[in-house]
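Quick notes on the structure that follows.
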Amino acid sequence: MQTWRSGWVWQRGGLEIGGRWYGQGITVNSRSSVEIALNRQCTAFSARAGVDGLSRFTDGSVRFSVYADGQRLWQSGALGYEDPAAAVEVPLTGRGTLRLVVERAGGGALPTLASWADAVISCR
């Protein structure tokens, strides 16, 4: 992970999205960017993206995007606290960087935590 290009990241085990528990993942703020240098031949990124269960009292929504080498490859719709996680499946063959972005999608006065659950980068 390129920490100088990334926001706050919390790697954790046991997180919840939309009432479902996941074994591991990363949690970020509702406005975040996490950049990862793919230092070998990687073929895919997969995850379940959604508002983290720790944001129980939030009233906002977020949108998730996945970029590779500066090109957006995937974007979710607006997701709120009770929404199930969105399935993420992105090919990475021939790519050098991966960037995970979360942006606010709707109102809300309270902070929102967003999670990329069961996130996996498949490499050779």
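The values are calculated or read from the model by the stated rules, or taken from the named source; none is laboratory data. None of the values given here were measured: they were computed from a predicted structure. We place every Cβ from the backbone using ideal geometry, glycine too, and count neighbours over all the protein chains shown. Note: accessible area is taken over every heavy atom of the protein model, side chains too, but ligands, DNA and RNA are not part of it. Shrake-Rupley method; radii C 1.70, N 1.55, O 1.52, S 1.80 Å.
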Restricting the search to segment 46-89, which residues are part of a strand (DSSP E or B), in contact (Cβ under 8 Å) with a residue 40 or more places away in the chain and crowded, with 18+ Cβ neighbours inside 10 Å? ALA47, ARG48, ALA49, GLY50, VAL51, ASP52, VAL62, ARG63, PHE64, VAL88
Positions within segment 91-108 being hydrophobic (A, V, I, L, M, F, W, C) and assigned to a strand (DSSP E or B), in sequence order: LEU98, LEU100, VAL101, VAL102
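Answer yes or no as to whether VAL120 is part of a strand (DSSP E or B), among the β-branched types (Val, Ile, Thr), buried (at least 16 other Cβ atoms within 10 Å of the Cβ) and under 14 Å from the mean Cα position of the chain (by Cα).
no
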Residue satisfying all of: in segment 7-45; open to solvent by 10 Å² or more (accessible area, probe 1.4 Å) and of a type in the set (Val, Ile, Thr); nearest to GLY94 (Cα to Cα) among these: THR43
Within segment 63-85, which residues are at pLDDT 95 or above and within 15 Å of SER30 (Cβ to Cβ)? ARG63, PHE64, SER65, SER76, ALA78, LEU79, ASP83
